Amino acid sequence: MFGEKITKTISIDGMHCMHCAKKVEDALKQIKEVKSVKVNLEEKRAEIILKSEIDDNILKETIENLGYIVL
């Protein structure tokens, strides 16, 4: 459906500070399908709003390439 918001929530382990959260946010924002990202450090998760559907493995690999663990 046109204009429908696609949201994915990913649990991430290994983030310990705001720098970690910003690193994840910035990396995910580089993916062309990603509209916005909000990383919650306390809850250890990222909420990603997409412009279009994307394979979850692309998001997972982007985060894991930074040294964090996707749960």
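The values are calculated or read from the model by the stated rules, or taken from the named source; none is laboratory data. Being a predicted model, the structure only gives us computed values, none of them experimental. Note that each Cβ is placed from the backbone with ideal geometry, even for glycine, and that neighbours are counted across all protein chains shown. These area figures cover heavy atoms from the full protein model, side chains too; ligands, DNA and RNA do not enter into them. Shrake-Rupley method; radii C 1.70, N 1.55, O 1.52, S 1.80 Å.
Spot the failing condition for Lys60; the list is (1) without any contact (Cβ under 8 Å) to a residue 40 or more places away in the chain; (2) open to solvent by 50 Å² or more (accessible area, probe 1.4 Å), and only one is missed.
Among (1) without any contact (Cβ under 8 Å) to a residue 40 or more places away in the chain; (2) open to solvent by 50 Å² or more (accessible area, probe 1.4 Å), the lone unmet condition for Lys60 is (1).
Out of curiosity, is Leu71 in contact (Cβ under 8 Å) with a residue 60 or more places away in the chain and either in contact with a strand residue (DSSP E or B) (Cβ under 8 Å, 6 or more places away or on another chain) or open to solvent by less than 80 Å² (accessible area, probe 1.4 Å) (or both)?
It is true that Leu71 is in contact (Cβ under 8 Å) with a residue 60 or more places away in the chain and either in contact with a strand residue (DSSP E or B) (Cβ under 8 Å, 6 or more places away or on another chain) or open to solvent by less than 80 Å² (accessible area, probe 1.4 Å) (or both).
Hey, among Lys22, Lys51, Lys38, Lys8, which residue is touching a strand residue (DSSP E or B) at 6+ places or on another chain (Cβ under 9 Å), open to solvent by less than 80 Å² (accessible area, probe 1.4 Å) and of a type in the set (Lys, Arg)?
That would be Lys8, the only listed residue that is touching a strand residue (DSSP E or B) at 6+ places or on another chain (Cβ under 9 Å), open to solvent by less than 80 Å² (accessible area, probe 1.4 Å) and of a type in the set (Lys, Arg).
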